[in-house]
Each structure stands twice: as C-alpha cells, then as structure tokens.
Amino acid sequence: MYYLLSSPSPESRFIEIECTFLQVETEYLEIQLPAWRPGRYELQHFAKNIQRFGVFNKNGEPLIYRKITKDRWRVETGAETEVVVRYNYYANVQNAGSSYVNNDFWYVNPVNLCVYADAFLNEPCTLQLAIPDTYQIACGLQQIAPKTLLAKDYYELVDSPLMASETLQHRTYQVQDTTFYVWMQGNIKPNWEQIVADFQKFSTAQIAAMGSFPEPEYHFLNLILPTPYYHGVEHRHSTMVVLGPDDEGDGLYLDLLGVSSHELFHAWNIIRIRPKELLPYDFTKENYFTTCFVAEGVTTYYGDLFLRRSGVFNDEGYYRELQTYMKRHFENSRHAQQSLVESSWDLWLDGYEKGIPQRKVSVYHKGALAALILDLTIRKIHGHKRSLDDVMYSLWQRFGIPFVGYTMEDYQAVVEEIAGEALPWYWNDCILSNLPLENHLNDALAWVGLHMVSLGDGTVQLQELESEPAVLERKKWLNGNI
C-alpha cells in the first residue's frame, strides 16, 4: 500500500490522503479504516473525521463503491488492478493518540487515517509526506528517501506516529546495541545534559532487568504544550508523549521522567509480551482480554521503580509516586464492585471514563498495587533471590521474543513457577475478586518497613517504619538486589 499525505491548507486542519493498492486481483475490494488504536482499548470511530471520500482507477476515473459499515467501503474493481482511494481527515486534536496539522507542525498517528484492505495487511507500506524541505521528521520508521518512510507491513505503519517541523530538537544516547532518540517539539529549552543522563540511567536499568531490547532504535516523541496535559502512548519502536504546561519547570520534568519510563517498559510489556487475544490486532471491533492489569498495572509499578533503581529518583521521590497511586485507588475505588480482570475486560465499555460510582477499578493504579504485592511476596519467599523481575524476564523469553501471545493461565503458571508455590490468596483476593487490597498491601509493605495508613477523612498516607531489619530489606528491594 502506498500513502501520500498532504495538507494544502493546514490552517483548515485537514490532511489529504491518497492510498494506492497495486496488483488488485478481485472484483471487489473492501477498504477499512481502523475503529480503535493500540494502547487505548476503546472504540474511537476515526471515520467520523473523514469529510470527503472517493475511489478511482489509475487514470483518475471514479469506481463504484458503497459504505457497508461505519468505517468500511466495498469497491467494485471490475478489471482494474490498481485502485486509488482519495479522502481527507480532520486533524485537530493534540493528544498522544490523535493527529494534528497547522502551518508549521505536523503530528500524525497513521492508525487514525490510513485505510487498508485485508489482503494487503502483511505487505510493505510506503508513506510519503508532502511537507516543506526544511522540516525534520521524527519517527521510528525507516526513512528510505526524503520525506518518505517505509513500514514492513500495515501493523508496523499504524504503530509508528510521527512529528514533522522545522523546530524539532533532539539528542541521542546508546545502551548496548540500541540507539535512543529523544525528540522535543514546543516552546521549551531542554536541559539536554540532564535529560540524556537520566534517560540513559532508566533505560540501562530496564534493559539490564529484561536482558535485551526489542528494537535497534527507539524514539521518545515529546510534544510540549502551553496548556496542562499528561498523556503517553506506547508503540513498537517509539512512544508519543504530550505534556504541559511548558512553563511548569521541575513539575514538567518529573512528569516527563515518569511517563517516559512507563512507556519504555511497554516496549516489552504489551508491545511484544502481548495478550494472545490481541494477536493479531483486529481493528474493526473490540478485542476483549482480561490481563490489562498485567499490561498496564505491572508497567505502572515498574515505570516508577526503575527510576528509583537507576538513581534518577531518591527514596522520597519514589515514595511520592507510590503514594499517588495508593491514594488514587483507595480514595476513589476502594469498594468498587469489579475485580481487576473484570475491569480489564470492561475497558472497551467505559474504561477511560469516570463511570458510575464504585463500579470499576483502575487497571493502572490497583494493577500497580497488585504488582507491588506480588513482587514483595516473591522476594520475601526467596530472600530477594527471585522477584517479579524473573516473571517478566520469563514472559519475555517465552512469549515476547517468539511473539506468540500469552493467556491469563500462562501468566499465572509463570508467576507460580517463579514463586515456587501456588498463591491462591493472591489470585482470589487481589486479581479475581473485589476484596479490598489494604490488608495484603500492608502485609507486603511491613516486610520492607512501610505502612499505608487510612485517615479518618478517607484519605491514605504512606509511612516509613524504622525497624532495622525491614530497612535493610527495603534497600534491597529499591536497589533491585536479586
């Protein structure tokens, strides 16, 4: 599939797309636009942003087509072997999963606006951008010519957002065999020395734990806005992050560190260590799965923990982040009716909305606390010689590297293999039921000299205990000693 993107009038916020299918061999060709995007498990109906749509042969003559679903078109190709689809897309949103154009900046998520046909999903995709010669392009895809990118298939194309402008800034660093790029777009003067040093630290710590990195290159794509914002999305060889306000100073940098470490761990956990139900992605409908508490909860836990292990955060900085998701879970959904597996499933229903009171839990916040309980449980059983690190490393070796997909049963089996025993209380109380986590959390925390206190007004606080043996265990945990 060949795509040409242009924006003759960027002030209108419309992107013009031309998609060409070659070697068409059927009398009908069904053209599909994704209804959702990886990293956000809800239907978003991108077709609602298409204003104009047409299908033509190679001579520009119109072909007969009709719409058969909200985002699928059936084209009568007849004897034509080349089909050209021309349409436009309203790109007017700046979050980490959208697309946006103006007079001096392009931000494109191909999954929003690149159509496909089923028979061509595994074919190479070429993406050409009609942008000024002075623009730089920040993207994880291979650049094969000026303004031209290549994806090995459609799945790689739509997992590769891009930014393009004259004002992009970037630096690189190396960890083992991987080159990392940090890109910045916005009204900001980055402290590159600090950014590179800190990013290299947490990247090194994550790769050391997992043993290898999935990609030879990785791109941190950062859009910094003048208004408050916090959003990141994981991708195959990049992450797209939108933050603001640009004048927040230290607060903005702490947000950048937190979201970047989180998204980098996703390069293993869900990009490659992926639930079996998501292999391959079906972009036409919901892809239900029960293990988003692993994909997002474990990643939330490790995102902050690796910042502490690597020395980017001190103890107080890590406790602050830990207390944040304790507060978000216990103060907002301590008595919610759903379990983690139920809320994983219902992401497709209302997982990104507040919803009705006390119905669902956050797979991010409660999922992170469940991961903390599991990590400290395994460490206590084996005196830090085994940990949740071993679980994730094993998942990477067995499911991520061969890219075969895991099930809930696979995850449970690996956990119990590493723990060396069945953990019925953990699965029943923390994962499969809606029982409060408080007792199990404090039992786990007590071993490392921490305690969560519930105050009379319903809020919670994290406190340190000064037991010398517990302090020693805490140091081993925070430093990653196994």
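The values are calculated or read from the model by the stated rules, or taken from the named source; none is laboratory data. Predicted, not measured: the structure shown is a model, and the values here were computed from it. Backbone-built Cβ (ideal geometry, glycine too); neighbour counts: all protein chains shown. Surface areas here come from the heavy atoms of the whole protein model, side chains and all, with no ligands, DNA or RNA. Shrake-Rupley method; radii C 1.70, N 1.55, O 1.52, S 1.80 Å.
Of Leu252, Pro226, Met240, which is farthest on the positive side of the dipole of the range 219-298, counting Cα position, with +1 on Lys and Arg Cβ, -1 on Asp and Glu Cβ, and the Cα centre as origin?
Met240
Taking R0 as 51 Å, what FRET efficiency do you get between Glu166 and Asn479 from their Cβ-Cβ distance, rounded to the nearest 0.05?
About 0.70, to the nearest 0.05.
Tell me, in nm to one decimal, what length is gained between Asp250 and Leu22 on full extension, where the rule is 0.36 nm per residue of separation less the Cα-Cα distance?
Extra length available between Asp250 and Leu22 comes to 76.9 nm.
Counting Lys and Arg as +1 and Asp and Glu as -1, each charge on the Cβ, what is the dipole of the range 115-189 about the Cα centre in debye, to the nearest 20?
Computed charge dipole of the range 115-189: roughly 380 debye.
Once you put a point 7 Å from the Cα of Lys58 and another 7 Å from the Cα of Gln358, both along the Cβ direction, what distance in nm separates them?
In this crude spin-label approximation the distance works out to 6.7 nm.
Compute the helix-to-body angle for 365-382: its Cα long axis versus the longest principal axis of the chain, expressed 0 to 90° and rounded to tens.
Tilt of helix 365-382: around 50 degrees.
Just subtract the alpha-carbon distance of Ala79 and Thr324 from 0.36 nm times their residue separation and send over the number in nm, one decimal.
82.1 nm
If I ignore ligands, DNA and RNA and count only protein heavy atoms, how much of Ile137 is accessible to a 1.4 Å probe, in Å² to the nearest 10?
Surface accessible to solvent at Ile137 totals approximately 30 Å².
For the chain, find the longest principal axis of its Cα atoms and tell me its angle to the long axis of helix 315-333, 0 to 90°, nearest 10.
Roughly 80 degrees, rounded to the nearest 10.
If you average the sequence gap of Cα pairs under 8 Å that are 6 or more apart and divide by the length of the chain, what percent do you get for the contact order?
Contact order relative to length: 12 percent.
Rounded to the nearest 20 Debye, what is the dipole magnitude of the chain about its Cα centre when Lys and Arg each give +1 and Asp and Glu each give -1 at the C-beta?
Here the size comes out at about 240 debye.
Find how much the distance from Asp443 to Tyr173 grows on full extension, using 0.36 nm per residue of separation minus their present alpha carbon separation; answer in nm with one decimal.
Here the answer is 93.1 nm.
Tell me, what HN-Hα J-couplings in whole Hz come from the Karplus equation 6.51 cos²θ - 1.76 cosθ + 1.60 at θ = phi - 60° for each residue of the range 230-243, using x for Gly and Pro?
So the Karplus estimates, Gly and Pro as x, are 7, 7, x, 9, 7, 9, 4, 10, 6, 9, 9, 10, 10, 9 Hz.
Give the residues of the range 72-112 whose amide nitrogen is closer than 18 Å to a point set 7 Å from the Cα of Gln143 in the direction of its Cβ.
104-110
Please list the non-local residues whose amide H lies under 5 Å from the amide H of Ser238, H modeled 1.01 Å from N, same-chain partners needing a gap of 5 or more.
His219
Could you tally the net charge around Ile224, taking each other residue with its Cβ under 14 Å from the Cβ of Ile224, Lys/Arg +1 and Asp/Glu -1?
-3
For Ala422 paired with Asn102, estimate the spin-label separation in nm (one decimal), with each label point 7 Å from Cα along the Cα-to-Cβ line.
It works out to 6.0 nm between the two label points.
In what order, largest first, do Arg74, Arg474 sit by accessible area if the probe radius is 1.4 Å?
So, going from the largest accessible area down, we get Arg74, Arg474.
Percent relative contact order of the range 261-306, based on C-alpha pairs within less than 8 angstrom and at least six residues apart?
62
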